[in-house]
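Right, one structure below, let's go through it.
The values are calculated or read from the model by the stated rules, or taken from the named source; none is laboratory data. All of these numbers come straight from a predicted model, not from anything done at the bench. Glycine also receives a Cβ, built like all others from the backbone with ideal geometry; neighbour counts cover every protein chain displayed.
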Amino acid sequence: MLYAAARRMFVGLLAVICSFVNLTATPTRNNTPQDAVSVVYADTVCGDLKLFLPESFDTQKPTDVLLTIHGGAWVSGGAQIFYNDCRAAAKAGYAAASMNYSKIFNGATAADMVREIGLAIGALKAELESRGVRIGKLIMAGHSAGAHIMLLYAYAHHDDCPMDIAFLVSCCAPADFVSDAKAHNSAIGASAYLLMSGLTKEIVLPATLDRNADAVRALSPVSLITPDVPPTIVVQGTQDRLINYQNSVEIYNALQRNGVDSVHITYEGAGHFLSSKGGSAEKEKFAADDARRSEAFYAFAQKYGS
C-alpha cells in the first residue's frame with residue numbers, strides 16, 4: 001500500500017514535469033549574440049550551440065576547441081551562462097562554444113542529454129571544418145548539471161567522440177545520486193529520487209533501487225570511470241549546499257584509483273557558484289583558488305592539447 005501510494009505520487013510528479021514541455025520549449029537559435037555563430041545540431045527547441053571564434057587562426061598548428069555545458073538542475077539555464085568564458089577563450093586562440101540542450105521539462109532524459117552532446121560535438125566539428133579550420137583537440141567543461149552530463153558523455157564515449165578529447169573540467173558535478181540520497185545533506189540529496197525518476201523516466205524509490213540498478217548506475221559518473229577516461233580537473237566548494245562537496249571527493253578518488261591524471265581544486269568555504277559575498281580576505285582567498293584552477297587548466301592544455 002505504501003509503495004503504491006509513493007508510486008502514484010511519483011507518476012503524478014513526472015506527469016506534471018512532462019506537462020511543462022510546451023511551456024518551457026523556448027527556441028534558443030534566435031538569441032545569438034552578435035559576436036557568436038549559432039550552430040544547429042538537432043531539430044529541437046534547444047538544439048543549438050553558440051560558437052565564438054578567434055580573430056585569426058594559427059596556421060602553424062591545429063586549433064583546440066573548448067565546449068562548455070551549463071548547469072540549471074537539468075530543468076533550466078542556457079548557453080549564455082558561459083558566453084564570457086567563451087569570449088575569453090576565443091581571445092586566447094580557442095574555438096569556444098557554449099551549448100544548449102533539452103531538459104527534463106522538455107521531456108528529455110539524461111540519456112537524451114548525453115546523446116545531444118555527441119550531436120553537438122559532431123555539428124561543431126562540421127562547422128569548423130566548413131570554415132577551413134584545422135581542428136586540434138577538444139576540451140570539455142561544465143558546471144553542476146552540465147558537468148554531470150558532460151562526465152557521463154566523456155566517460156562513456158571517449159572512444160567514439162567525433163573529436164579527440166584532451167581533458168575535462170568538472171565543476172560541482174553530482175557523482176552518485178544514491179550516495180546523496182542516503183546522506184540527505186544537500187538539495188540534490190533531498191530530491192534525489194525525484195531527479196533519478198525524471199532523468200530516467202523510471203519510478204525510482206528506495207524500495208526499487210535494485211530493480212532500477214542499471215538505470216541508476218548510468219546516472220553516476222563514478223560508475224563509469226576506467227583507466228581509459230580523459231584526464232579530469234575536479235572543482236568544488238566545501239560549502240556547496242546544492243551538491244555536497246563529497247561528490248568531488250568521490251570523483252577524484254575514483255580517478256586516482258584508476259590511474260587517471262587528475263587534479264582536485266577545492267574552494268575552501270565556497271558555495272555552489274564558487275564566488276564570494278564576504279569580505280576582502282574571503283575574496284582574496286577565492287581569487288587564489290581561481291588562480292589555481294587557471295594554472296591547472298593551462299598545465300593540462302600544455303600537456304594534452306595540440
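Taking the stated definitions as given, is A154 in a helix (DSSP H, G or I) and surrounded by 21 or more Cβ atoms within 10 Å (Cβ to Cβ)? So A154 fits the description; yes. Against the definition (among the hydroxyl-bearing types (S, T, Y) and in a strand (DSSP E or B)), how does S197 come out, yes or no? Spelling it out, it is not the case that S197 is among the hydroxyl-bearing types (S, T, Y) and in a strand (DSSP E or B). Selection within segment 46-60: residues that are part of a loop (DSSP other than H, G, I, E, B) and either closer than 13 Å to A95 by Cβ or aromatic (F, W, Y) (or both). The member of this set that is modelled with the lowest pLDDT is D58.
Beta carbons closer than 6 Å, at least 6 apart along the sequence or on distinct chains, pair a first residue in segment 51-75 that is over 15 Å from A141 (Cβ atoms) with a second that is at pLDDT below 95 and not in a loop (DSSP other than H, G, I, E, B) for W74/I104; V75/I104; V75/F105. Of all residues in segment 95-143, those that are polar (S, T, N, Q) and part of a helix (DSSP H, G or I) total 2.
So, E250, is that one modelled with pLDDT of 90 or more, in a helix (DSSP H, G or I), more than 30 Å from I135 (Cβ to Cβ) and not hydrophobic (A, V, I, L, M, F, W, C) or not? Taking the combined requirement at face value, the residue satisfies it. Candidates are the residues of segment 200-235 that are buried (at least 22 other Cβ atoms within 10 Å of the Cβ) and assigned to a helix (DSSP H, G or I); the one that is farthest from the chain's Cα centre (by Cα) is V216.
Can you name every residue in segment 93-113 that is more than 22 Å from F52 (Cα to Cα), modelled with pLDDT of 95 or more and surrounded by fewer than 21 Cβ atoms within 10 Å (Cβ to Cβ)? Across segment 93-113, the qualifying residues are T109, A111, D112.
Taking segment 163-188 only, how many residues are of a type outside the set (K, R) and either in a helix (DSSP H, G or I) or more than 12 Å from the chain's Cα centre (by Cα) (or both)? Reasoning before the result, please.
So in segment 163-188, the residues of a type outside the set (K, R) come out as 163-181, 183-188.
Okay, now just the ones that are also either in a helix (DSSP H, G or I) or more than 12 Å from the chain's Cα centre (by Cα) (or both), so 163-167, 176-181, 183-188.
Number satisfying all stated conditions: 17.
Close contacts from segment 284-306, counting a first residue that is in contact (Cβ under 8 Å) with a residue 24 or more places away in the chain and part of a loop (DSSP other than H, G, I, E, B) and a second that is surrounded by 17 or more Cβ atoms within 10 Å (Cβ to Cβ) and hydrophobic (A, V, I, L, M, F, W, C), with Cβ to Cβ under 6 Å and a gap of 6+ residues or different chains, come to G305/A166.
Restricting attention to segment 77-94 and to residues that are over 15 Å from S144 (Cβ atoms) and not in a helix (DSSP H, G or I), the residue that is nearest to the chain's Cα centre (by Cα) turns out to be Y94.
Before we move on, is A207 in contact with a Ser or Thr (Cβ under 6 Å, 6 or more places away or on another chain) and farther than 20 Å from C171 by Cβ? Break it down into steps so the answer makes sense when it comes.
Numbers: in contact with a Ser or Thr (Cβ under 6 Å, 6 or more places away or on another chain): no; farther than 20 Å from C171 by Cβ: yes.
No: the conditions fail for A207.
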